[in-house]
Amino acid sequence: MSKLYVYFGVSATYSLYVDKDSKPKFDVFRYAYSHQLYRNHFSEEEFNQEVVNLFIKKYKAKETGLEKQFIYQSKLQDNLGKDSWFPIIVNHLNITTRQGNYVIPADFSTDYISNLSIFNDIPLDNVSEFGVPMPLKPSKDIVFMGDLVIKMDPSKYLFLLDLISTVGIYSINLDQKCEYILRKPLVDMKFPYTAVSLGTLVNSPGPTSCLIETSVGTKQLVELKENDLVFIPLENMSVARIVVKGQSIGSVDTKIRGGVLGVVIDTRYKSGKNSRALVKSRAVFISRIKEGLSKI
Amino acid sequence: MYIPVITKIKITNGILVERDLPKPGEITTAVGDKVEPSQKIGSTKVSYKIINLGNKFRLKRGLSFGNTVSKGAVLGSTGIKKFKAPFKGILYKNDLGSCYFKSVSQDYWLLPGVWGEIVDIKEGISVLLKTQTKDMQFVASTPGFVSGELIVFPNPSELLEMEYLNRYLKFASGKIIYVGDCLSPMVLERAAALNVGALLVGSASAHMFDEAKRLKINLGIFSGFGDMKTPSSVYFELNEVSHRYVFFYGDKGKLSIPLPVGTEEPKTKRKVLKFVKKGIDVQIFISKAYGSYGIVDRVTKSSIFVRLENGEDIVEVLPPYIFAIE
């Protein structure tokens, strides 16, 4: 039996199609229903049905025997499972985690943001305009997904790092097609869930020193002052040992892995008075991310 | 490649419109009658003006309450201040001793304002009409309702907008006015002073939109926030129906223009998504042409190229920064 799972996001629609003969296929339609734009012409149900039909056409799926399941934004939290991953869904001006929904602070007196409330399909391009949203308290393995991350750029990477203010060492990952939300059929069929590794985030506000020792024996000592952010290249799949000593994190000795951003050592205070000073440094941090990405 | 369709103009049959008298009177039409916008279908007597003279008003000798007096006649005084009738009217006093002067009642004619068929009547009070309209969709609007004469200003210049408001519109009160591509603060301020019924524009800043709400001015925006042009199809249609009686539904986000009986809505199913191909009308949201309209010039495997409305520039766009327009 073939299965079609569709997640109707805030500004995009995600699908997973599986049948017994082929590998799972994922696809994203970069639009979602906008009440402001379509209310006088068709309902949300009609819009969603057309998008589902489009996926069926694209996958060349047969309607007979096709099991369809739909996940709506309002019920998103019910689909976040209880495994070791900590999914953070960054959608159109809001963030959803197992712990709750958070609104991304935005200035609705600007034309750009006001237009997003009409043309909700248009992605947030200038995320650096936004303040630091509600700090999250994630578990160890973070996976970012949602409309904001379908297409990444350096300012979006920084925005994702801004979200994590809780002290700790985290594995950070990226899922650009919301596979985590749609993966139920994969679990049944024993397909493993994989996300793109961004690397490891060492979130240690205040002065911090890190000793990174790779599996081939190279060692690198990094000493950072408070409110800094650096990226140490460490390839995807590579494992390293890290010894961290910091004012807030204390002393930690653990194994970490690499990824797109490598090892991210973040000594910024992301909330409270000190966080305001960070606005000035954003351009510097973004250019560091840009530089790091260009080396990959 | 498929993209969603934003419908700007739509013909709808079977719309129900209620027209009522300001106070009970006579309905002179019957269920099943076909009516035209300016046809008289009912009437009542209405006193349009009333002046509160207070309870210290002293009536002039020889006059009594209930008398009809001509314009200019001295009716009495409040203290040393004499009161002259500013119009032909009647003096009366209420139970609390306050005196009032109200204009003599005049005929009020109930007009349909639309082409349609009478489907129900509340005797002496109102009629329900079935009609057909051409609806123009707003992307943003303040929530009020108003109906009135549509005035269409020429599109090109902001300076002209003020000229039109100041010179040519002697009676802007209650009118629904299309003022151009982008709403300026001066036009908004002037419209508030003139008690305009509603303003229609291609675009307005978010700040101006909030200002319109604060000033309690009905505002309908066709294209978006910022500085965007009105779609040429919308401007063309508005121009065609200038001076027609129209309905501004802010809460429903549309301007309804009544159409003569016999205008049918298209039988073809309205499209939700459209396949992108050469020649379709689109609106795009890329930084160098944010909110601009154009026509798809060519489509490659990975990109869409759009010729902007100015006819010269061609820009490359990808979903989701592009919408089809109908």
Quick one: count up the residues across the range B:64-95 that are modelled with pLDDT of 85 or more and assigned to a loop (DSSP other than H, G, I, E, B).
13
So, in the range B:271-309, how many residues would count as being of a type in the set (G, A, S), under 32 Å from the mean Cα position of the chain (by Cα) and within 12 Å of chain A (Cβ to nearest Cβ)?
1
Restricting the range B:310-326 to residues that are outside any loop (DSSP other than H, G, I, E, B) and touching a residue at least 60 places away in the same chain (Cβ under 8 Å), the one nearest to the other protein chains (Cβ to nearest Cβ) turns out to be B:F323
In this structure, is B:L63 of a type outside the set (S, T, N, Q), in the same structural domain as B:C99 (by TED's automatic domain parsing), surrounded by 15 or more Cβ atoms within 10 Å (Cβ to Cβ) and free of Cβ contacts under 8 Å to residues at least 60 places away in the same chain?
no
Mind checking whether some residue in the range B:205-212 is surrounded by fewer than 19 Cβ atoms within 10 Å (Cβ to Cβ), out of contact with any helix residue (DSSP H, G or I) (no Cβ under 8 Å at 6 or more places or on another chain), in contact (Cβ under 8 Å) with a residue 24 or more places away in the chain and among the charged types (D, E, K, R)?
no
Please pick out the residue among A:I150, A:I164, A:I89, A:I95 that is β-branched (V, I, T), crowded, with 18+ Cβ neighbours inside 10 Å and within 14 Å of another protein chain (Cβ to nearest Cβ).
A:I150
Is it the case that the range A:60-78 has a residue that's surrounded by 14 or more Cβ atoms within 10 Å (Cβ to Cβ), among the β-branched types (V, I, T), on the phi < 0 side of the Ramachandran plot and in a helix (DSSP H, G or I)?
no
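Per-residue answers, yes or no, for (1) touching a residue at least 12 places away in the same chain (Cβ under 8 Å); (2) touching a strand residue (DSSP E or B) at 6+ places or on another chain (Cβ under 7 Å); (3) away from chain B (no Cβ under 14 Å); (4) of a type outside the set (D, E):
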position: A:E67; (1), (2), (3), (4): yes, yes, yes, no
position: A:Y112; (1), (2), (3), (4): yes, no, no, yes
position: A:I122; (1), (2), (3), (4): yes, yes, no, yes
position: A:L136; (1), (2), (3), (4): yes, yes, yes, yes
position: A:C178; (1), (2), (3), (4): yes, yes, yes, yes
When you check B:V196 against the structure, is it surrounded by 22 or more Cβ atoms within 10 Å (Cβ to Cβ), under 25 Å from B:Y293 (Cα atoms) and away from chain A (no Cβ under 14 Å), yes or no?
no
When B:S103 is run through (1) more than 30 Å from A:F108 (Cβ to Cβ); (2) at pLDDT 90 or above, the failure sits at (2)
For B:K252, indicate whether it is within 13 Å of chain A (Cβ to nearest Cβ) and either part of a loop (DSSP other than H, G, I, E, B) or out of contact with any helix residue (DSSP H, G or I) (no Cβ under 6 Å at 6 or more places or on another chain) (or both).
yes
Do we find that B:K49 is more than 30 Å from B:P258 (Cβ to Cβ) and free of Cβ contacts under 8 Å to residues at least 24 places away in the same chain in this structure?
no
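A quick yes/no check of all residues on (1) surrounded by 14 or more Cβ atoms within 10 Å (Cβ to Cβ); (2) under 30 Å from B:P231 (Cα atoms):
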site: B:Y2; (1), (2): yes, yes
site: B:K10; (1), (2): yes, yes
site: B:L16; (1), (2): no, yes
site: B:K23; (1), (2): no, no
site: B:V31; (1), (2): no, no
site: B:I41; (1), (2): yes, no
site: B:K49; (1), (2): no, no
site: B:N52; (1), (2): no, no
Any idea how many residues of the range B:218-247 are modelled with pLDDT under 95, β-branched (V, I, T) and closer than 26 Å to A:S117 by Cα?
2
Conditions first: (1) facing chain B (nearest Cβ under 8 Å); (2) surrounded by 17 or more Cβ atoms within 10 Å (Cβ to Cβ); (3) modelled with pLDDT of 90 or more. A:E46 passes all but one, so which condition is the exception?
(2)
Hey, among the residues in the range A:206-263 that are of a type in the set (D, E, K, R) and more than 27 Å from the chain's Cα centre (by Cα), which one's surrounded by the most Cβ atoms within 10 Å (Cβ to Cβ)?
A:K245
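The values are calculated or read from the model by the stated rules, or taken from the named source; none is laboratory data. Please read all numbers here as calculations on a predicted model, not as lab measurements. Cβ: placed from backbone, ideal geometry, glycine included. Neighbour counts: every protein chain shown.
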